[in-house]
Amino acid sequence: MIKAIITDDEVRSVETLRKLLEIHCPSVNVVAECNSAAETQKQILLQQPDLLFLDIAMPGKSGFDLLNEMEQIPFEIIFITAYNEFMLQAFRFSAIDYILKPIDEELLIKAVDRVERRLHTAANPVSIEVLKYNLKNMQHPQEMKVCIPHTKGFLLVHLADIIYCQADNTYTTFYLTTGKPLVSSRSIIDFELLLQDSSFCRIHKSFLVNMLHIKEYIKGEGGSVVLSNDTELEVSRRKKDHFLARIKEYYKF
């Protein structure tokens, strides 16, 4: 069983989440329900939970204030949030689990499943510091960091340091400004979805490029692009119109 604490200043939200967990996530045992950061601190010391469901926006101390006061965070966290799309992007890039209000049962189940897998494999969760860093840099997307999982763990990379990604069956190879490729255990489709609201564009079934690193477009049936590391990549015919539209939108010409 996963020992969990629910923290939300709205009593009805706490009750709703507890009932959803009872119905859909029987592996979760809610050992405490809290309505404030101060109450949560006491219960964390008392209960030693495996998981904390944490509301961010609360009167007085916020969820982040609570975490800032802790020297260590020896438990998993699923944030409960009503944040806007830009803030959600910061969560996704940081590989931090979150649930939007009102709570969707399927997303709740998936978030708990991810936590359960991490607990069983003793995988270290991504530092909350990375999330806070990304939230501070929401207005400067290229400064944000993205979590790239690989066979030995994960690497945190600035978006601006990714030149392009190449599909390799179910894996993805990242080509970085450091010159050292990084192979991720996730598919290029996963990264296309993750990065779709930033400066990245799928130009071919095999390539996802960072438009920040495009030096030149060469006309042709689909054409090709030359990147900042002098790599030339084909643009597929099917992706050409979409790519040109994205370039015009991104560079505003």
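The values are calculated or read from the model by the stated rules, or taken from the named source; none is laboratory data. The structure displayed is predicted, hence computed values, not measured ones. Every residue, glycine as well, gets a Cβ built from its backbone with ideal geometry; the counts of neighbours run over all protein chains shown. Remember, those area values only see protein heavy atoms, side chains included, never the ligands or the DNA or RNA. Shrake-Rupley method; radii C 1.70, N 1.55, O 1.52, S 1.80 Å.
Of all residues in segment 102-127 being in contact with a strand residue (DSSP E or B) (Cβ under 7 Å, 6 or more places away or on another chain) and aliphatic (A, V, I, L, M), which is farthest from Glu192 (Cα to Cα)?
Ranking the qualifying residues of segment 102-127, first place goes to Leu119.
Okay, residues lined up against (1) in contact with a Lys or Arg (Cβ under 7 Å, 6 or more places away or on another chain); (2) surrounded by 13 or more Cβ atoms within 10 Å (Cβ to Cβ):
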| residue | (1), (2) |
| --- | --- |
| Ile99 | no, yes |
| Leu108 | no, yes |
| Glu143 | no, yes |
| Thr151 | no, no |
| Ile162 | no, yes |
| Tyr171 | no, yes |
| Pro181 | no, no |
| Ser187 | no, yes |
| Leu194 | yes, yes |
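Could you tell me which of the residues Glu71, Glu33 is in a loop (DSSP other than H, G, I, E, B) and open to solvent by 70 Å² or more (accessible area, probe 1.4 Å)?
Of the residues listed, the single one that is in a loop (DSSP other than H, G, I, E, B) and open to solvent by 70 Å² or more (accessible area, probe 1.4 Å) is Glu71.
Filter segment 1-22 down to the residues that are out of contact with any helix residue (DSSP H, G or I) (no Cβ under 7 Å at 6 or more places or on another chain), surrounded by fewer than 20 Cβ atoms within 10 Å (Cβ to Cβ) and touching a residue at least 40 places away in the same chain (Cβ under 8 Å) and list them by number.
Within segment 1-22, Asp9, Glu10, Ser13, Thr16 meet the criteria.
Consider segment 8-30. How many of its residues are in a helix (DSSP H, G or I) and under 26 Å from the mean Cα position of the chain (by Cα)?
Within segment 8-30, residues that are in a helix (DSSP H, G or I) and under 26 Å from the mean Cα position of the chain (by Cα) number 8.
Is it the case that some residue within segment 155-165 is touching a residue at least 40 places away in the same chain (Cβ under 8 Å), assigned to a strand (DSSP E or B) and among the hydroxyl-bearing types (Ser, Thr, Tyr)?
Yes, segment 155-165 contains at least one residue that is touching a residue at least 40 places away in the same chain (Cβ under 8 Å), assigned to a strand (DSSP E or B) and among the hydroxyl-bearing types (Ser, Thr, Tyr).
Just wondering, is there one or more residues in segment 102-125 that are more than 26 Å from Asn29 (Cβ to Cβ), without any contact (Cβ under 8 Å) to a residue 40 or more places away in the chain and among the acidic types (Asp, Glu)?
No: zero hits.
Within segment 212-246, how many residues turn out to be touching a residue at least 40 places away in the same chain (Cβ under 8 Å), more than 15 Å from Gln166 (Cβ to Cβ) and crowded, with 17+ Cβ neighbours inside 10 Å?
Of the residues in that region, 3 qualify.
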